[in-house]
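Enquirer: Here you go, one structure.
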Amino acid sequence: MHQQEGTGHGPSAGDGPHVSNSFDHLEAGAKTAAGPTPPQPGMIGRPMGHSYPSLPPGYQKMGIPPSASPLQSPKPPYNAAHQPYQQPLAGPVQLTPSMAGLSLQSQTPEALRVVNLLQERNILPHGAVPPPTPCLPQDLQKFNCSPEVFRCTLTSIPQTQSLLNKAKLPLGLLLHPFKDLSQLPVVTSSTIVRCRTCRTYINPFVTFLDQKRWKCNLCYRVNDVPEEFMYNPVTRSYGEPHKRPEVQSPTIEFIAPSEYMLRPPQPAVYLFVLDVSHNAVETGYLDVVCQSLLDNLNSLPGDARTKIGFITFDSTIHFYNLQEGLSQPQMLVVSDIEDIFIPTPDSLLVNLSECKELVQDLLKALPQMFNKTMETHSALGPALQAAYKLLSPTGGRASVFQTQLPTLGAGALKSREDPNQRASAKDIQHLTPATDFYKKLALDCSGQQVAVDLFLLSGQYCDLASLGCISRFSAGSVYYYPSYHHQHNPSQVERFQKDLKRYLTRKIGFEAVMRIRCTKGLSIHTFHGNFFVRSTDLLSLPNVNPDAGFAVQMSIEENLLDMQMVSFQAALLYTSSKGERRIRVHTMCLPVVNSLSDIFAGADVQAITGLLASMAVDRSVTASLCDARDALTNAVIDSLATYRSSVLTIQQAGLLAPSCLRLFPLYILALLKQKAFRTGTSTRLDDRVFAMYQLKYQPLSYLMPMIHPVLYRVDDLTDEGALNINDRTIPQPRVLQLSVEKLSREGHYLGVIKHVLPELRSRDWNCSSSFLSQVLGVPNYSAVPQNMTRLPELDTAESVRFRAFIGWLREQRPFYPVLHVIREESQLKPSFMQNMIEDRTESALSYYEFLLHLQQQISK
Ligand SMILES: [Zn+2]
């Protein structure tokens, strides 16, 4: 089954049964709320002559960005009109033609500085790669959405599709909509102010025509300002609608009134579905899950209504009656897996606070209950059907732990992997699911507001390409711990423990939907992430979590000729774990440009790489892996060729890139060497499919360290240029190229931080003795333990500095990176060396060879 989740219009085939608790129309689209007056962009946007002196800072005048010199000389068109009201420039037909036609090229910003990649070797910045700042007037830019939440591949939007086609760069948005935020304005209001035509939420980029009317920045309809909005709860003053938090903050959350509900908000409901076959018991994972739950039971997000339940399964399905009043948990075995029924439905999902002792008793007993099992079969499909039936009345989250290929009942699978093909340089088979059972069940789950998270712990092939569909289409997540074993793989155990803690205690939103709107003329067409698309452009998210990312592709359907800027708005409607219906809204504004050089100057190389990675995953599945690899390489060739032929005014030799795209070839090479897309290097099928899932649903900030890990030299950390955070001094060593050349024989300890299996590895040919003694606490190299994953807490300056640095790196990742100290002869060394993506391997080009290949193709 090749259907992609986002490409279809209208409900996709295989949609779940029609259900009453679908929230589609609550985050209503234009159809349900069309106002009486159609928008007429050409006719509105003139100053209305009303006296309205106290505009918000962002609107008083067209602020000039310090670098945008060409915009400086002409005066804003309405400034000299002797009107007390100054027309803000956030709409169409507001620039004089001569001004709109101005190009930014003459300023030659740093982004467009010509870099000859064949000559310039040091192209990595000292620290993190900063996202580009949209070229907007500063007064507007300061209201813009954080790039950590909302990013566009092109921070300057082309005026027309044909201009976009010419640039050969992808246009799309990357979102991290439910990111953990340290500050979030929350508004409680009986009226949420939205455009009557397109349902856009009022935001910092709308225009106030006067005190009574505001103009939508997406469809240009003029709307009335409701009376209630005239009062500002923050300043407690009246008559300043433009100072309301809704028009001061690009990210805001509303507590939704009852019209945003179809039923009372659901309680937090958690169901755990655990594999207890012989294989599962053998891995020892049950101890960790049960202990983590015991440790975090009071930290599960929820309130007094929170419910919890458990299912275990091998060749049969086991339910647990945890009803209040029982002296101990009661196990109920259902052995007819062909037609699953739920015994005593009312006592299997129980109120957590009322039944906590029974739940704790069960968690303490579970790891031993199946100790002696000889049952090798796995009826995963029937267990999932049971979970679906149990959760259907309320909605909620199913957390499924699986350790082998399912062998019994619906959804049973056979191994499809041929280990001899793992290193094949030809096309990779079996990236598509073997059965549509998991997708269909996921769509049923989605219809009942149930999301399924899959934890796969296995040394054997489990057909993740099939199993993963259960999470992908129900807006769940997939976690994968290859070769998990409680004794043989202690670092996996540590990672699993830390991941579970994050998973159990992080924020969660239930029965959610998300819609992305954009200014008239732009059109969103392909979605990437884990969800199901209902009614054209509404993403159905039974659960939403702070670690989920989304991407969309866009096209320009109508020319944006008269517009100076366009806006994008993502609205996420969800039920909090405390039972509140909430709407989180993010709005981003970007300038419109009409020259290729301006488009290139605004290119966001990381966002482009992230979007291309998602597109390449789709291509691998619908066409072939080779096709996807070619498409990635062609993306660099085409854009750099365009830059050379159409942007550069002075021709010169070499492989030339604008500074803002100088990392593009490196990132694409890194993708080609990534587990998802590499060929010729032995890669297990499940590892490859898992990497593809990650590329599709991780937020960009998690994705980049996975695509291009960061290498530091850490044996000579100093306080020079260090950060100071909460009285801690955090050293900031230089980021090094990912090349063996950088693993100098004199400098010794280096680390690579990756996200997936984020290991800090150190390498030692001639370890400096001070590092060994002052940081690792050993007298000499031979005393370094073989599998060292913990640092001693020594009272030396070096140890304090090193641990501060590692701690800081860990804080930036929601999932815990395990540290490995790798000796020269360690088994982990080959996987460490695979991170050296600038180097040549038997099956892949070095960075320099790749550049030569690109140059050859471009000069053809
Ligand atoms: Zn509108």
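Enquirer: How many residues does region 778-787 contain that are under 24 Å from ASN489 (Cα atoms) and part of a loop (DSSP other than H, G, I, E, B)? Let's see the steps before the verdict.
Expert: Here is the first cut: in region 778-787, the residues under 24 Å from ASN489 (Cα atoms) are 778, 781-787.
Right, trim to part of a loop (DSSP other than H, G, I, E, B) and you get 778, 784-787.
Total meeting the criteria: 5.
Enquirer: Look through PHE178, PHE143, PHE150 and report the one residue that is more than 16 Å from the ligand (Cβ to nearest atom) and touching a Lys or Arg at 6+ places or on another chain (Cβ under 8 Å). Lay out the reasoning, then the answer.
Expert: Details: PHE143 fails: touching a Lys or Arg at 6+ places or on another chain (Cβ under 8 Å); PHE150 fails: touching a Lys or Arg at 6+ places or on another chain (Cβ under 8 Å).
PHE178 is the lone residue from the list that is more than 16 Å from the ligand (Cβ to nearest atom) and touching a Lys or Arg at 6+ places or on another chain (Cβ under 8 Å).
Enquirer: For region 361-389, which positions are within 34 Å of the chain's Cα centre (by Cα) and among the polar types (S, T, N, Q)?
Expert: SER378, GLN385
Enquirer: Within region 226-233, is there a residue that is away from the ligand (no atom under 16 Å from the Cβ) and part of a strand (DSSP E or B)?
Expert: Scanning region 226-233, I find at least one residue that is away from the ligand (no atom under 16 Å from the Cβ) and part of a strand (DSSP E or B), so the answer is yes.
Enquirer: Failed condition for GLU259, given (1) at pLDDT 95 or above; (2) more than 16 Å from the ligand (Cβ to nearest atom), with all others met?
Expert: Of the numbered conditions (1) at pLDDT 95 or above; (2) more than 16 Å from the ligand (Cβ to nearest atom), the odd one out for GLU259 is (1).
Enquirer: Would you call ALA641 under 23 Å from the mean Cα position of the chain (by Cα), hydrophobic (A, V, I, L, M, F, W, C) and in a helix (DSSP H, G or I)?
Expert: No; evaluated as a whole, the condition is false for this residue.
Enquirer: Do we find that HIS377 is farther than 25 Å from PRO301 by Cα and at pLDDT 95 or above in this structure?
Expert: yes
Enquirer: Only residues that are of a type in the set (A, V, I, L, M), farther than 23 Å from ALA425 by Cα and at pLDDT below 95: list them for region 603-652, please. Please lay out each step first, then the result.
Expert: Narrowing region 603-652 to residues of a type in the set (A, V, I, L, M): 603, 605, 607-608, 611-613, 615-617, 621, 623, 625, 628, 631-632, 635-637, 640-641, 647-648, 650.
Of the ones still in play, those that are also farther than 23 Å from ALA425 by Cα are 603, 605, 607-608, 611, 640-641, 647-648, 650.
Within region 603-652, VAL647, LEU648, ILE650 qualify.
Yes/no per residue for (1) within 16 Å of the ligand (Cβ to nearest atom); (2) acidic (Asp, Glu); (3) over 30 Å from CYS445 (Cβ atoms):
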residue	(1), (2), (3)
VAL193	yes, no, yes
THR200	yes, no, yes
TYR220	yes, no, yes
THR235	no, no, yes
PRO245	no, no, yes
GLN248	no, no, yes
ILE252	no, no, yes
VAL269	no, no, no
LEU274	no, no, no
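Enquirer: Residue under question is LEU169, and the condition is that it be assigned to a loop (DSSP other than H, G, I, E, B), away from the ligand (no atom under 16 Å from the Cβ) and buried (at least 21 other Cβ atoms within 10 Å of the Cβ); does it hold?
Expert: Yes; evaluated as a whole, the condition is true for this residue.
Enquirer: Enumerate the pairs (first residue in region 185-209 and in a strand (DSSP E or B); second residue anywhere and more than 15 Å from the ligand (Cβ to nearest atom) and among the acidic types (Asp, Glu)) with beta-carbon separation below 8 Å, excluding pairs fewer than 6 apart on the same chain, so at least 6 apart or on different chains.
Expert: Between residues of region 185-209 that are in a strand (DSSP E or B) and residues that are more than 15 Å from the ligand (Cβ to nearest atom) and among the acidic types (Asp, Glu), the close pairs are VAL186/GLU253; VAL187/GLU253.
The values are calculated or read from the model by the stated rules, or taken from the named source; none is laboratory data. On a predicted model such as this, the values are computed, not experimentally measured, just so you know. Please note: Cβ atoms are built from the backbone with ideal geometry, for glycine as well, and neighbour counts cover all protein chains shown.
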